[in-house]
Amino acid sequence: MIISRLFIAFFVFASLISNTAAKENGYFSFAAEPSVRIGLSTNSGSVTITTSDTSLVAVGYEGPDKVLAVNRISVAPRLYRPPVIEFFRFEIQNLETQTDAEDLAKDVRAAGETATASLDLTNNKWRVEIGVSRDTIEDANDYKSALAEKGFEDVVIVTDKKTQPSEEAVALSEQLRNNPNPKSEVRSLIKPTGSSQPTTDAVVDPNVKEIMISGASESAKFSSFRPISFGSLNQRAVPVKLNGKAYRGRIEVFVNARGSLTVVNVVPIEEYLLGVVPRELGLPAIEAQKAQAVAARTYALANVGGFSKQGFDLLPTISSQVYGGVSAETAMGTTAVTQTRGIVGTYKGKPINALYTSTCGGRTEDSENIFDFNEPYLRGVECSLEGRKHFEPFMIRSSRELPKVDSDDGLSLVRLASQLAVNGFVLATNRYTDEWFDLPPNETELRSWVNQLAIKLGKPLPTYSYDIVKAGEFGNMLAKMMYAEGQTDMLMSESDINYQLSFADAGDIDKDQRANIAMLFRDGYLSLYPNSNFHPHRPMPRAKLLRLIETIYTKKKIMPTLQTGEARPSADGKLILKSGRSERPMLVNPGVFLFREFGGQFYQVKEIALIGGELVAYQANAAGEIVYLEVRPSAEPTVAEKMSPFTVWNENLSASAVQSRLSRYVRGIGGLIDVNIVKKGFSRRATELEIIGTNGRFSLKGGKIRSALRLREQLFVMNKRYDSGGRVLSYQFTGRGWGHGVGMCQYGAFGLAKMGVKYDAIIKHYYTGVELTKAY
């Protein structure tokens with residue numbers, strides 16, 4: 001079906017759609033793919049239409065397609081003026097009496113010609129009119145000669161002029177006078193003309209305009225009172241261009257109420273969607289773009305005839321859906337449209353008004369709180385999955401048991417032990433407990449720790465027995481690693497030793513260890529127990545030894561360094577690091593030591609969701625796997641739309657600016673005193689404002705709030721600064737989101753798609769209770 005031939009559809013296209021669509025088994029369906037009419041321009045003085053094909057084709061209301069034999073034409077409206085036609089009559093003039101005229105007329109008739117006698121009122125003389133008029137002077141002269149041969153030599157040729165409007169000009173004038181739809185802005189002929197004979201006495205509207213088509217070939221030079229569609233010879237394969245911009249389908253032009261051209265792209269709906277989906281949601285997630293394709297298809301079908309008085313269905317702007325033609329098409333967008341072909345969202349068997357918004361601010365809103373309609377499928381919902389399901393795709397998990405410690409010191413020991421464990425220190429446990437830290441290390445652990453110290457300090461691995469677990473023995477061995485041979489004995493006099501070892505049980509230290517231990521105390525390596533004793537012969541617990549190692553590493557600046565970065569949303573259990581404009585995935589070892597910050601402290605956890613924006617510190621093993629990971633949580637929102645640049649915004653306005661904006665929607669405020677939010681919707685959007693002015697109190701409701709204040713959204717709070725008299729001086733609006741907030745959140749759809757949610761689930765998440773129906 002060539003939709004462009006059905007120009008009567010200007011008025012009844014919506015009913016044609018409803019008649020074409022049928023319910024099969026309770027579902028909305030079409031026999032074939034429908035077309036839509038997109039109003040590309042509503043006030044063009046002239047347009048240029050081209051194609052890269054061999055020729056353009058013109059399609060009118062009646063008759064066959066016309067091949068124009070050119071690939072470029074210009075189209076413009078022109079005020080119609082009926083052509084003036086000359087015709088020639090024959091008279092014998094200036095006869096004195098009626099009798100003379102009638103006698104002469106009798107003689108002419110006797111010679112086989114028609115003749116009539118009449119009075120010429122211009123000179124009060126009589127005349128005889130002979131024969132019928134001729135269209136050309138040549139025919140007139142021939143006829144005059146023939147009359148002369150019959151004896152009538154004083155015949156005069158009289159030249160007259162008349163206007164002869166075309167049949168279609170008369171029909172268009174009648175259409176405008178008897179318009180069945182007075183609100184229609186279409187001023188081209190959309191009705192049959194009936195007779196093909198020209199009418200000489202018809203009244204032509206002086207404002208009638210015709211469309212002038214100009215091209216390089218004779219077949220491309222013509223005019224029309226009807227809408228004309230232009231397409232490529234191979235319409236399905238070669239786009240047609242309007243002023244250089246390519247569109248699929250055909251380009252139709254007609255005259256509108258302003259006397260200029262309205263230009264409409266008549267295009268099959270699936271081809272239309274190819275130019276919509278990338279412009280409305282170009283974010284790189286196929287399931288999000290498929291959801292957008294379903295929403296855009298559904299919206300188009302539900303809003304067919306939305307601009308019927310102007311002669312089309314939809315605008316190519318945010319007033320309907322943003323449509324960019326062929327130049328907007330992308331590979332992913334085309335795949336999204338193709339893989340969802342014919343699928344629409346329906347509620348009780350009808351296509352829904354599938355509204356969508358860029359960034360919902362964490363929650364969508366009930367339709368009646370923003371618009372003047374209440375749709376059961378346009379209910380406010382959270383822009384996230386329910387509960388833990390929302391974070392499941394971002395989880396990183398560890399097989400390690402959580403610690404069982406009861407003190408802040410035990411908490412920090414867990415972190416320290418974990419960092420040492422991934423740097424060669426053997427720790428014989430999969431779960432840290434207070435009891436484990438309070439006990440001495442076993443022989444395997446002790447050997448590992450001492451050897452790691454020697455390696456870090458650049459010393460040979462020492463020979464020792466398990467006795468070094470005792471504080472005095474360990475300190476004596478440590479001094480031999482830390483200082484040159486004989487250094488402590490040379491630098492520490494007896495008085496120095498006594499000064500450094502001035503604690504209660506210093507006398508229990510073996511004499512040959514005193515200088516070494518004194519120097520370690522002097523340099524801040526060794527420490528006492530809380531009871532102010534050193535207990536040189538007591539085995540040191542793990543906690544004491546780990547703190548000693550930490551002190552040595554810190555003072556010597558050999559503490560293992562963690563790599564840092566910013567996390568992107570994790571996927572498949574991998575840590576994804578932001579790396580410039582790219583992302584770098586890293587495998588996470590199943591036994592990773594996993595820590596998350598809470599209130600300034602790091603706690604070991606079994607799992608953590610990395611939603612993106614977290615600052616991380618980590619260490620990888622030789623295989624490149626993350627074996628230690630610390631996460632500082634992001635302060636950013638966690639909702640699915642979190643990647644939008646409009647998730648949170650601020651705008652500061654003076655009181656006078658707020659008054660100026662509000663006064664366009666609320667008249668008679670007077671001087672603005674204050675503005676308050678008195679009602680909120682499901683999403684916490686402001687749904688009613690109280691405006692206090694010097695002339696009283698006023699109310700502003702629904703979507704007018706955003707329009708009046710000219711804010712990105714009406715999901716906001718106000719921080720106000722007052723003067724001493726209680727009048728507001730300025731308003732700081734802190735808000736979330738961008739758009740009207742009803743229906744599918746586009747950035748939210750992108751976020752859900754990145755989490756692995758499929759397009760059908762995305763549609764059903766944002767549109768309550770809908771079904772997905774194959775409409776054709």
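The values are calculated or read from the model by the stated rules, or taken from the named source; none is laboratory data. It should be emphasised that the depicted structure is a prediction, and the values quoted were computed from it without experimental measurement. Cβ coordinates were reconstructed from backbone atoms using ideal geometry, including for glycine residues, and neighbour counts include every protein chain displayed. Heavy atoms of the whole protein, side chains included, go into the accessibility calculation; ligands, DNA and RNA do not. Shrake-Rupley method; radii C 1.70, N 1.55, O 1.52, S 1.80 Å.
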message: Given contacts defined as C-alpha pairs under 8 Å and at least six residues apart, what's the relative contact order of the range 405-509, whole-number percent?
response: 18 percent
message: Which residue, Ser730, Pro239, Ala300, has the largest displacement toward the positive end of the dipole of the chain when charges sit on each Cβ (Lys, Arg +1; Asp, Glu -1)?
response: Ser730
task: Please go through the range 383-479 and write out the GluC sites (Glu not before Pro) that DSSP classes as loop and that have at most 12 other C-beta atoms within 10 Å.
output: Glu386
- prompt: So which trypsin sites (Lys or Arg not before Pro) in the range 542-640 pass both tests, a DSSP loop state and at most 16 other Cβ atoms within 10 Å of the Cβ?
  reply: Lys556, Lys557, Arg581, Lys606
Debye, to nearest 20: dipole size of the chain, +1 on Lys, Arg Cβ, -1 on Asp, Glu Cβ: 1820 debye
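Helix-only estimate, please: 222 nm mean residue ellipticity of the chain, summing -39500 (n - 2.57) across DSSP H runs of length 4 or more and dividing by its residues, to the nearest 500.
So the calculated ellipticity at 222 nm is -7500 deg cm²/dmol.
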message: Need one value: the accessible area of Lys774 in square angstrom, 1.4 angstrom probe, rounded to the nearest 10.
response: 120 Å²
statement: Residue-ordered couplings for the range 647-655, obtained by feeding phi - 60° into the Karplus form 6.51 cos²θ - 1.76 cosθ + 1.60 and rounding to whole Hz (Gly and Pro as x), are 4, 9, 8, 9, 8, 9, 9, 6, 4
field: Using θ = phi - 60° and Karplus 6.51 cos²θ - 1.76 cosθ + 1.60, couplings along the range 32-43 (whole Hz; Gly, Pro as x)
entry: 8, 4, x, 10, 10, 10, 10, x, 6, 8, 10, 7
statement: Among Phe371, Gly743, Phe503, the residue whose Cα sits farthest towards the positive end of the charge dipole of the chain (+1 at Cβ of Lys and Arg, -1 at Cβ of Asp and Glu, taken about the Cα centre) is Phe503
- prompt: Summing Lys, Arg as +1 and Asp, Glu as -1, what charge do residues with Cβ under 14 Å from the Cβ of Thr647 carry, Thr647 excluded?
  reply: +1
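Distance check, please: which entries in Lys161/Lys209; Lys701/Lys758; Lys389/Lys774; Lys290/Lys350 exceed 26 angstrom between their Cα atoms?
Numbers: Lys161/Lys209 23 Å; Lys701/Lys758 36 Å; Lys389/Lys774 29 Å; Lys290/Lys350 20 Å.
Pairs exceeding the cut-off: Lys701/Lys758; Lys389/Lys774.
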field: Amide H contacts of Leu40 (H built 1.01 Å from N, under 5 Å, at least 5 apart or other chain)
entry: Val263, Val264, Asn265
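Pairs of alpha-carbon atoms within less than 8 angstrom and 6+ residues apart define the contacts here; what relative contact order does the chain have, in percent?
On the way: 1620 pairs, mean separation 111.4, N = 776.
RCO, the chain: 14 percent.
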statement: Here the net charge surrounding Arg697, from other residues whose Cβ is less than 11 Å away from its Cβ (Lys, Arg +1; Asp, Glu -1), is -2
- prompt: Going by Cβ distance under 4.7 Å, what cysteines of the chain have no possible disulfide partner?
  reply: Cys383
query: How much net charge surrounds Ser579 when only the other residues with a Cβ under 11 Å from the Cβ of Ser579 are counted, with Lys and Arg +1 and Asp and Glu -1?
result: +2
- line: When every protein chain stays in place and a 1.4 Å probe is rolled, Asp438, Asp313, Asp467 sorted by accessible area with the largest first are Asp438, Asp467, Asp313
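So for the range 51-96, what percent of the C-alpha to C-alpha distances run longer than 11 Å?
Details: 829 of 1035 pairs.
Every Cα pair in the range 51-96 considered, those over 11 Å come to 80 percent.
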task: Under a cut-off of 26 Å between alpha-carbon atoms, report the lysines in cross-link reach of Lys511, not counting same-chain residues fewer than 8 places apart.
output: Lys459, Lys470, Lys480, Lys544
Sequence-distant lysines (8 or more away, or on other chains) whose Cα lies within less than 23 Å of Lys150: Lys106
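What percentage of all Cα-Cα pairs in the range 99-249 are separated by more than 29 Å? Spell out each step's value before the answer.
Details: 5893 of 11325 pairs.
Beyond 29 Å sits 52 percent of the P(r) for the range 99-249.
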field: Of Thr346, Pro541, Val757, farthest towards positive along the dipole that unit charges on Lys, Arg, Asp, Glu beta carbons give the chain
entry: Pro541
- request: List the residues whose amide H sits under 5 Å from the amide H of Phe90, counting only those 5 or more places along or on another chain, with H placed 1.01 Å from N in the peptide plane.
  value: Ile130, Val158
message: For Lys125, what residues show an amide H to amide H distance below 5 Å, using hydrogens built from the backbone and excluding near sequence neighbours?
response: Asp120
query: Binned at 5 Å from 0, what are the whole-percent values of the Cα-Cα distance distribution for the range 630-776, short to long?
result: 2, 8, 15, 18, 15, 11, 10, 8, 6, 4, 2, 1, 0, 0
query: Shape of the range 413-473 from its Cα gyration tensor (a ≥ b ≥ c, root eigenvalues): rounded if a/c is under 1.5, otherwise prolate when a/b > b/c, or oblate?
result: oblate
task: Under 1.5 on a/c is rounded, so check that first for the chain, then, if it is not, pick prolate when a/b is larger than b/c and oblate when it is not; a ≥ b ≥ c are the square roots of the alpha carbon gyration tensor eigenvalues.
output: prolate
message: For a quick check of understanding: with a 1.4 angstrom probe and all protein chains in place, what accessible area in square angstrom does Ser145 have, to the nearest ten?
response: 70 Å²
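Provide the convex hull volume over Cα atoms per residue for the range 190-334, in Å³.
148 Å³
Taking the Cα centre of the range 588-663 as the origin, how large is its charge dipole in debye, to the nearest 20, when only Lys and Arg (+1) and Asp and Glu (-1) carry charge on their Cβ atoms? Don't skip to the end; give the middle numbers.
Numbers: 5 positive and 8 negative charges, 32 e Å.
So the dipole magnitude of the range 588-663 works out to roughly 160 debye.
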task: Could you run the Karplus curve 6.51 cos²θ - 1.76 cosθ + 1.60 with θ = phi - 60° over the range 318-331 and give me ³J(HN,Hα) per residue in whole Hz, x for Gly and Pro?
output: 5, 5, 10, 9, 6, 10, x, x, 5, 5, 7, 5, 9, 5
statement: For Lys704, counting only lysines whose alpha-carbon sits under 19 Å away and dropping same-chain residues fewer than eight positions off, the answer is Lys679, Lys680
- prompt: Which angle between 0 and 90 degrees, to the nearest 10, do you get for helix 9-20 versus the longest principal axis of the chain when only C-alpha atoms count?
  reply: 60 degrees
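Going by accessible area, probe 1.4 Å, with all protein chains left in place, what is the ranking of His390, His765, largest first? Display every interim value, and only then the final one.
Details: His390 5, His765 45 Å².
Ranking His390, His765 by accessible area, largest first, yields His765, His390.
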field: Largest-first ordering by accessible area, 1.4 Å probe, given options Phe598, Phe371
entry: Phe598, Phe371
message: Distance between the C-alpha centers of the range 739-776 and the range 433-507? Whole Å please.
response: 65 Å
- prompt: Roughly how tilted is helix 286-302, in degrees to the nearest 10 and between 0 and 90, from the longest Cα axis of the chain?
  reply: 30 degrees
task: Run the 1.4 Å probe and let me know the accessible area of Ser223, rounded to the nearest 10 Å².
output: 60 Å²
- request: Loop only per DSSP, at most 14 neighbouring Cβ atoms within 10 Å: give me the trypsin sites (Lys or Arg not before Pro) in the range 385-473, ordered by residue number.
  value: Arg431
